[in-house]
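Here is the structure we will look at, set down as structure tokens.
The values are calculated or read from the model by the stated rules, or taken from the named source; none is laboratory data. The shown structure was predicted, so the numbers you read here are calculated from the model rather than taken from an experiment. So basically every Cβ, Gly included, is an ideal-geometry build from the backbone, and we count neighbours across all protein chains shown. Surface areas here come from the heavy atoms of the whole protein model, side chains and all, with no ligands, DNA or RNA. Shrake-Rupley method; radii C 1.70, N 1.55, O 1.52, S 1.80 Å.
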Amino acid sequence: MIFQKTSVRDAWVIELDQREDERGFFARTWCQEELESHGLTSKIVQANCSLSKFKGTLRGMHYQIHPAGEAKFVRCIRGAIFDVVIDLRPSSPTYKKWVGVELTTNNRRAVYVPEYCAHGYLTLENDSEALYFVSAFYSPDHERGIRYDDPAIGVSWPIGIQVVSEKDRSWLPFSS
């Protein structure tokens with residue numbers, strides 16, 4: 001696994017370290033020791049999968065508050081997504097900063113989302129599917145979100161947003 005720092009503290013892009021031969025390749029997609037060596041949470045209690053039928057579908061920006069903060073490890077297993085992490089930790093030097101990473105079937109990248117950071121993505125192709133591992137169980141009482149178009153954050157989405165759930169449209173801006 002090849003770890004690349006991002007502009008958000010503790011958020012990482014993780015590339016496969018592929019071992020290729022005439023059959024194709026082999027690569028580790030998850031390694032507890034390697035994550036822990038980078039100071040990252042390696043505990044997995046739940047795996048989630050989502051399929052978005054249409055290009056331009058936005059899912060996010062979600063997070064869970066204390067004591068149910070969750071780290072996420074996200075991959076796109078079909079299609080393509082623009083994955084976004086927003087740092088909502090007031091004590092972080094990258095507080096209110098965001099990073100966006102294109103995850104596709106072909107590039108096989110993953111994104112590590114630290115606890116107490118908002119996460120979401122925009123599909124770049126029809127029938128895009130994301131798979132993500134989380135370090136804490138989903139807790140409806142601790143779930144929160146912020147508006148995907150909050151000007152105080154200023155995420156620059158690469159394509160137009162076409163589909164958003166009522167729940168994601170109803171999140172308030174972070175400033176409120």
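What does the highest-first list of 39-51, 18-30, 125-137 look like by mean Cβ count within 10 Å?
With the highest mean Cβ count within 10 Å placed first, the list reads 125-137, 39-51, 18-30.
Assign one of three labels to the chain, namely rounded, prolate or oblate, based on the Cα gyration tensor with a ≥ b ≥ c the square roots of its eigenvalues; rounded applies when a/c is under 1.5, prolate when it is not and a/b is larger than b/c, and oblate otherwise.
Oblate, since a/c reaches 1.5 and b/c is not below a/b.
By a straight-distance test (C-alpha under 25 Å), which lysines pair with K97 as possible cross-link partners, with residues fewer than eight away in the same chain excluded?
Correct list for K97: K5, K72, K167.
At 1.4 Å probe size, with every protein chain present, just tell me what the per residue accessible area of the chain comes to in Å².
Result: 52 Å² per residue.
Just from its helices, what would the mean residue ellipticity at 222 nm be for the chain, if runs of 4 or more DSSP H residues each count -39500 (n - 2.57) and the sum is divided by every residue, rounded to the nearest 500 deg cm²/dmol?
Theoretical 222 nm ellipticity from helices: -1500 deg cm²/dmol.
Roughly what would the spin-label model give for Y138 and F25, points 7 Å off Cα along C-beta, in nm?
3.2
What's the ranking of 144-152, 163-171 by average number of surrounding C-beta atoms within 10 Å, highest first?
With the highest mean Cβ count within 10 Å placed first, the list reads 144-152, 163-171.
Size of the dipole of the stretch 1-53 about the Cα centre, Lys and Arg at +1 and Asp and Glu at -1 on the beta carbon, nothing else charged, in debye to 20?
320
Roughly speaking, to the nearest percent, how much of the stretch 77-176's 1.4 Å accessible area is carbon and sulfur?
Solvent-exposed carbon and sulfur of the stretch 77-176 make up 50 percent of the total.
Using protein chains only and a probe of 1.4 angstrom, how many square angstrom of H66 are accessible, to the nearest 10?
Here the residue's solvent-accessible area equals roughly 140 Å².
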